[in-house]
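First up is the structure itself, then whatever we jot down about it.
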Amino acid sequence: MPMPTYRNLHGTIFFGKDGEFRHVCDEGQMLSLVFDSENGTVHKHGVADRMRAWLDATQAKLRASGDFGELMANNLEIASFPACDATLKVLNERVIDQTPALPSLLEALAEASAEAPASKVLPGL
């Protein structure tokens, strides 16, 4: 069974599989991973604004549930990077349907982000 992947089609980023892809963002916009910093589980990945909103709402719910929820909320972190061919390649190879080794994943995303052409990264991001 094919795994879902990110694809860059003429500057528009899609995510999906088997011919069913949904628009995520445009090339140069920011993508994010929301992950558990303790065990490396990636909980969500997608366009940065939505991932930030999901993280904020999830952390608020967890914190409202008590001490254990507070601990879980504190372990959630977000990493953001430009949507470009290099970062999409890292996501597709290291994140989709697996728990990545976080330090090497974040390092690879930082390196791939440096490859984003300045003309493709939107101003103010």
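Data table
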{"read-out": "Enumeration of residues in region 1-42 that are in contact (Cβ under 8 Å) with a residue 24 or more places away in the chain, open to solvent by 90 Å² or more (accessible area, probe 1.4 Å) and assigned to a strand (DSSP E or B)", "value": "R7"}
{"read-out": "Residue that is nearest to the chain's Cα centre (by Cα) [pool: residues in region 58-89 that are among the β-branched types (V, I, T) and open to solvent by 20 Å² or more (accessible area, probe 1.4 Å)]", "value": "I78"}
{"read-out": "Sole exception among (1) among the basic types (K, R); (2) in a strand (DSSP E or B); (3) within 17 Å of E115 (Cβ to Cβ) for K89, by number", "value": "(2)"}
{"read-out": "Number of positions in region 17-31 that are closer than 16 Å to D85 by Cα and of a type outside the set (A, V, I, L, M)", "value": "6"}
{"read-out": "Only one of A114, A101, A108 that is on the phi < 0 side of the Ramachandran plot, of a type outside the set (D, E) and either open to solvent by 70 Å² or more (accessible area, probe 1.4 Å) or at pLDDT 90 or above (or both)", "value": "A114"}
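The values are calculated or read from the model by the stated rules, or taken from the named source; none is laboratory data. In this text the structure is predicted, and so the values were computed from the model without any measurement. FYI the Cβ positions are ideal-geometry reconstructions off the backbone, even for glycines, and counts take in every protein chain you see. Just so you know, the surface numbers come from the protein's heavy atoms only, side chains and all, with ligands and any DNA or RNA stripped out. Shrake-Rupley method; radii C 1.70, N 1.55, O 1.52, S 1.80 Å.
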